[in-house]
Every structure is written in structure tokens, then in C-alpha cells.
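Reviewing the structure listed below.
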Amino acid sequence: MRITVSVFCFFLALASCSRTEQVHVYPADDLCEAVSLAAASAHDVEIVLHEGEYRIGKGMAVRGHREGRLTIKAAPGERPVIRGDIAPTLHQDPGNEKIYHADLIADGISDFGCVTGKYNRFELYCNGLRQIPSRWPDDHYARAGKVLGKTGRTEVVGIIAPEAGVFSEGVFECDAPRLDQWKNERCGAIHAFPRFNWNDSPLKILSAGNGIVHVDSTDARYGFKNGFRYYAYNLLCEMDRPGEYHIDTETGHLTWMVPSGFAPGQDEVSIPVFNGPYLMEICGSDDVHLEGLEFRGARNGAVLFSGSGNVSMEKCRVSGFGTDAVVIDDCKDVRVERCLIEHCGLGGILSKGGDRNSLEPAGYVFEGNVVRHFSELRYTYHSGIRFTGCGAKIAGNELYDCPSVAIGIGGNDITIEKNHFHDLACDGDDQGALDIYGNYYFRGIVVRDNLWENITGEKGAVYGAAAIRLDDMISGMEIHGNHFRNCGGGKFGAVQIHGGKDNLVEENIFENCATAVSFSPWDEEKWIERTADGKHWVSTADSVKTGDPLYLERYPALRKDINEGINRNYILNNTISDCGRLFFRENGNNVVEGNIIKSLEL
């Protein structure tokens, strides 16, 4: 039976028929109502979306759906787009044909968003591409002069030790040519790495002039250090390049220097205005499936799966979101397959599931997806795919074009195989395209048969970038059958091992890498100090106890003395071709056998 989204027909049809019902929805219909009604049904229901744009002012929700199968999908061959943005009304500047203006109040927008922080960020898109908040310098970072803060950074933050010359207050010397014009602007900010090049923060400018800038330090948790990297943005006086814009978040006035070749009325210009947590939420529900849908343009996230089971996204497109696009929390048996996820302010897929205490697997599968152009608003540690917990498979995906981490994991029984990683970890420092740190009891992790390319890090980095970075006590990982091409930079190899042991790096190909494998060994005293009180983690609080019987049964290597074989890893039967260094900081504790060393010229 085929019905349109009429409340009367909907309930009448479900009351009279036990087979799967199709509810056909068109752009003029109320999509949120259709989803809500279907979620309340105990029958199998397919909501079929037809071609067109569905602009929604409130989020869609499936809550408490425990009976029947609910599918929300695109009609065959059609492309429905669920949108949280609007097209602003643009007016050409009478004095400059390259400049356009928009009055957001006149367009019905009352929330002008934020220019800093992680949430409700204001953004402008043209043909699906993020435009640039007007900035200085245009294509690189400036260096702060002397930090003039009054409060010294003396306390320890996490595992970070205190350091002389680090200050809590964000007051610093600045040599920007138009600095004295900044003082007339009220919505400017800087994007900075205030102390470490592995931790970035957008910070509001409080005052500027006379060679000094004062910024809000709330989000600079580690303090400020002389010479830190930054650029200033959302300053009208710095708008000097096509594609740059300025938003006055107090008045809602938008000024934009349009890109070269811009065609009014033909090119699509959009502003995300939906500022709820997610466009769609599936919470406390079972057997809910999304297929062939496109989600576009909101200030925060696209889709949330929470407390649900047997749920999936397949062949969906998710583009233009200010935070993590797809969030999966405390679910069971989730599949995200053959989706395109792009232009994310933070990460692509952020997921947590399974139980590390009982080692019950989440059953998450991320397969065949393309995740690209992510971490566009915050540059460090917002992954294309992140999983924490127990039991996940990440296979056959392509991840590329981000300043930092492609995959971040923390947990047990995780397989990462047959993925393609390239053009990653290009900004910041002390990074890995695959990044895992801080817990000796993260076990059952296999990284095999992946292709890694062009992961070399920022030039001049203190530490560097790796394709795979095992940081702080990560041990017992299997890295097998991978191909590394042009990976590793600075002091890091394509594979970097910091303070871990019993990791197996076997039968991989290292081609044209600055360094194949690098090590940062811990001295014995440090290792024993970390394990003396029975803890097995450095920076990740953990309820799993050292010597847990379940862990000893599942992972036999843990039956050995935790202090045996410190810094011993196994580098076996790899092929290393045309690499600048084979191994860096290898101190003789590792087992290095059967590796084939050759030049590509031979």
C-alpha cells in the first residue's frame, strides 16, 4: 500500500494492514511529523523521500522505537536533501562589484552564531565550499611576540608539567600591519596554538592596538608561550581576498568578497542556521535504517544514534556541519556503510560503544565510506573516524584532507583494514594519521593491509607526524601488511612507537619514507614509576584493573610481568625501499629481523 504523509491515512493504513507500509513524503510535506508518527508505530514502515529540499527548523527524532523495522530512505534514483541552512539575500556593494552584503535580520535570522568555540559557529558556503573568515596572514601563521600575561602557568594540567615563561593570560606582542585598525572591530578572533603545536584554540580578541593584542584565554587550557603560532580572523579590515567574509555577530551584517567567477543567481550561497544538536536523532530505538539521504548545512551535528541497536546509515551524504557530523553513543550493532562525509568543523564519525570491563563488543562496522575535508574549524584530535570502547571494524574506507588525525581509537578488539589514508596530519605537531595513546590494556588491535600516503607533517615541527603513532605505553598491537608511501616527518617514522612494548610491525612495505620506524624509548625508571601503584594507563582514566582475570584470559601476553621487556618491539620481515632512515632511536631493545632493504633504483 502506498500512501502520502497524511495523519488520517497514515494511522488508517497501519491499523488495517500488517505488512510493510510505504509513506511517500514530498518537500511540501511535514517530514518531522512523518518521522514522528512512524516512530510511534509497531509496524514495519518505510518513509520514502522524493526529490527536492527539505528545510527543517527543528530536529527530527525517533525515540523509543522498539517494535517493527523503520526505514527512512530516498526514492529510487532521486536525491532528497535535508537541510538546516538558508540562502541569504545578497546585495552588491555600490562601490565595489566584488563585495556583497546581506542583512541576516531581514532574512529572518535572529541567531548570528559564534566566531569562536566548538558549537554554533557561524559559517558561509558557496557551492558547498566553506568560505574564509577574513584573516591575517592570508596563507600561513604569524608568530606572537613576547607573551605579557601576569599570571604564570604553575599548576600541572593532566600530565603536562609546569614550565617557566608560560602564562595564563592571553596578552602578547603583535606586529600586524593593520593592528591599529583591529581595535575598531568587535567580532575578531585568533586561531592559535597557544603553547603546544598539538593543541589549537580559537580565541576572541578582547582588545588590540599599540603593538599589543589581548585575547580571551578561557579555551587556552595550557596557557600561552612566547612565539606561539596564530592567525587573526573575522576582521573586516583584513578582508582582501576572494572568498573571504566578515560577520558582525551583534548586528547580523554579512560582508563577503565573492570568489572569482561568482555568478549571482547561479552559484548556490548558503548559511547554516539550524543550531540544535542534530538534524536527526535516533535514541533508545531498534531496527532503524537510513538509506540514500543527504544531510546538509547545520551549525552543529547531522545525525545522532544513542542507546539504540541494529541501526544503520547506508549510501548517505553528510556535508557542511560545524561539529562532529555523525555521533554514535552507547549503541549495539551499528553500521555506517558507503557514505560520503565531508566538510566537518570537527570530526566525521565520533563513536563510543561496547563494554571494556566485560569485553562485550559494540559490533560497530564502518565500511566503504569516504571521509574528507574534516577538522576544518578545530585542527587537532578531531578524527575522521573515532572509536572508543570495545569491538569495532573499520574497513575499506578512504580518509583524506585534514590537518590532524584520520582515525583515533582507544579500546579493545578493533580491526582497521584495507583503508586508504592520504594527505593527512599536515598541520600541528606530534600527530599520527592513526593515533592511539595512554593505556597498556588497550589490546586486540589489528592494523592490516592499509595504504598510507603523503603523511609527512608540518615543516619545522619539533616532533613530527607519523602514519601510525603509538603514544605512551601502547603495547601488543599488530601492524601487518600495510603499505606506507611518503610517510613520516621530523623525528617520526611512518610508524612511531613511544614508550610501548611487544608491538608487532611485520611484513609491511615502507616506500620513499623519511624514516621507516621510529622509537621514543622510555627509561626503565619512568616505566616502573608508572606501573608501581598497579595502574596501567598514563593519561586515560580507566576502570579496568591491572591483572583483571578476564583480560588475562583474552590476552595471554598480559600474564607476563608488566615490567618485563620494556621498549621491546618486533620489527620483522618488512620491505624498506628508498627511505632516508631505516630506524630512528632504536636502542637495541627491539627485535629487528628479516627486513629487506632495497633501493627503488635497483
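Summary of computed values
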| quantity | calculated |
| --- | --- |
| Residues of region 562-581 classified as open to solvent by 20 Å² or more (accessible area, probe 1.4 Å) and assigned to a loop (DSSP other than H, G, I, E, B), total | 10 |
| Of all residues in region 143-172 being assigned to a loop (DSSP other than H, G, I, E, B) and at pLDDT 90 or above, the one that is least open to solvent (accessible area, probe 1.4 Å) | Ala144 |
| Some residue of region 9-20 being modelled with pLDDT under 90 and aromatic (Phe, Trp, Tyr) | yes |
| Candidate set: region 44-59, residues that are open to solvent by 40 Å² or more (accessible area, probe 1.4 Å) and part of a loop (DSSP other than H, G, I, E, B); chosen: the one nearest to Pro80 (Cα to Cα) | Glu51 |
| Which numbered condition Glu250 misses (of (1) surrounded by 17 or more Cβ atoms within 10 Å (Cβ to Cβ); (2) closer than 25 Å to Asn300 by Cβ) | (1) |
| Members of region 68-91 that are in contact (Cβ under 8 Å) with a residue 40 or more places away in the chain and more than 15 Å from Phe295 (Cβ to Cβ) | Gly68, Arg69, Leu70, Thr71, Ala75, Ile86, Ala87, Pro88, Leu90 |
| Qualifying residue in region 287-301 (condition: free of Cβ contacts under 8 Å to residues at least 24 places away in the same chain, open to solvent by 10 Å² or more (accessible area, probe 1.4 Å) and over 22 Å from Lys118 (Cβ atoms)) | no |
| In region 542-560, the residues that are out of contact with any helix residue (DSSP H, G or I) (no Cβ under 7 Å at 6 or more places or on another chain) and open to solvent by 90 Å² or more (accessible area, probe 1.4 Å) | Lys545, Pro549, Glu553, Arg554, Lys560 |
| Members of region 535-560 found to be touching a strand residue (DSSP E or B) at 6+ places or on another chain (Cβ under 9 Å) and hydrophobic (A, V, I, L, M, F, W, C), listed by number | Trp537, Val538, Val544 |
| Within region 329-362, tally of residues that are assigned to a loop (DSSP other than H, G, I, E, B), farther than 25 Å from Arg130 by Cα and not polar (S, T, N, Q) | 5 |
| Boolean, Asp324 is open to solvent by less than 30 Å² (accessible area, probe 1.4 Å), of a type outside the set (S, T, N, Q) and assigned to a loop (DSSP other than H, G, I, E, B) | yes |
| Val115 vs. criteria of a type outside the set (Gly, Ala, Ser), at pLDDT 95 or above, closer than 16 Å to Met239 by Cβ and surrounded by 13 or more Cβ atoms within 10 Å (Cβ to Cβ) | yes |
| Selection count, region 406-455, where residues are under 25 Å from Glu376 (Cα atoms), modelled with pLDDT of 95 or more, open to solvent by less than 10 Å² (accessible area, probe 1.4 Å) and not in a strand (DSSP E or B) | 4 |
| Matching residues, region 567-587, being under 15 Å from Gly499 (Cα atoms) and either touching a Ser or Thr at 6+ places or on another chain (Cβ under 9 Å) or at pLDDT 95 or above (or both) | Asn567, Arg568, Asn569, Tyr570, Phe584, Arg585, Glu586 |
| Qualifying positions in region 524-540 - assigned to a helix (DSSP H, G or I) and crowded, with 17+ Cβ neighbours inside 10 Å | Trp527, Arg530, Thr531 |
| Failed criterion for Thr255 (all others in (1) farther than 25 Å from Glu458 by Cβ; (2) out of contact with any His (no Cβ under 6 Å at 6 or more places or on another chain); (3) in contact (Cβ under 8 Å) with a residue 40 or more places away in the chain; (4) not hydrophobic (A, V, I, L, M, F, W, C) hold) | (2) |
| Residue that is farthest from Thr415 (Cα to Cα), among those in region 472-523 that are in a loop (DSSP other than H, G, I, E, B) and open to solvent by 40 Å² or more (accessible area, probe 1.4 Å) | Asp523 |
| Qualifying residue in region 31-49 (condition: in contact (Cβ under 8 Å) with a residue 12 or more places away in the chain and closer than 24 Å to Leu254 by Cβ) | no |
| Filter result (touching a Lys or Arg at 6+ places or on another chain (Cβ under 9 Å) and open to solvent by 20 Å² or more (accessible area, probe 1.4 Å)) within region 122-138 | Gly128, Ile132, Arg135, Trp136, Asp138 |
| Residues that are charged (D, E, K, R) and over 26 Å from Ile271 (Cβ atoms), drawn from region 45-77 | Glu46, Arg63, Arg66, Glu67, Arg69, Lys73 |
| Answer residue from region 201-223, given it is assigned to a loop (DSSP other than H, G, I, E, B) and open to solvent by 50 Å² or more (accessible area, probe 1.4 Å) and is nearest to Gly170 (Cα to Cα) among those | Asp216 |
| Pick from region 359-405, criterion surrounded by fewer than 19 Cβ atoms within 10 Å (Cβ to Cβ) and of a type in the set (Val, Ile, Thr), ranking: farthest from Tyr231 (Cα to Cα) | Val365 |
| Condition check for Ala465: among the small types (Gly, Ala, Ser), in contact with a Pro (Cβ under 8 Å, 6 or more places away or on another chain) and open to solvent by less than 10 Å² (accessible area, probe 1.4 Å) | no |
| Test set (1) over 30 Å from Tyr379 (Cα atoms); (2) among the aliphatic types (A, V, I, L, M); (3) open to solvent by 40 Å² or more (accessible area, probe 1.4 Å); (4) modelled with pLDDT of 95 or more - Ala40 fails condition number | (4) |
| Residue among Asp523, Asp542, Asp578 that alone is within 31 Å of the chain's Cα centre (by Cα) and not aromatic (Phe, Trp, Tyr) | Asp542 |
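The values are calculated or read from the model by the stated rules, or taken from the named source; none is laboratory data. The model shown is predicted, which means the values in this text are computed figures rather than measured ones. Heads up, the Cβs are rebuilt from the backbone with ideal geometry, glycines too, and the neighbour counts pull from every protein chain shown. Calculation scope for accessible area: heavy atoms of the full protein, side chains included, ligands and nucleic acids excluded. Shrake-Rupley method; radii C 1.70, N 1.55, O 1.52, S 1.80 Å.
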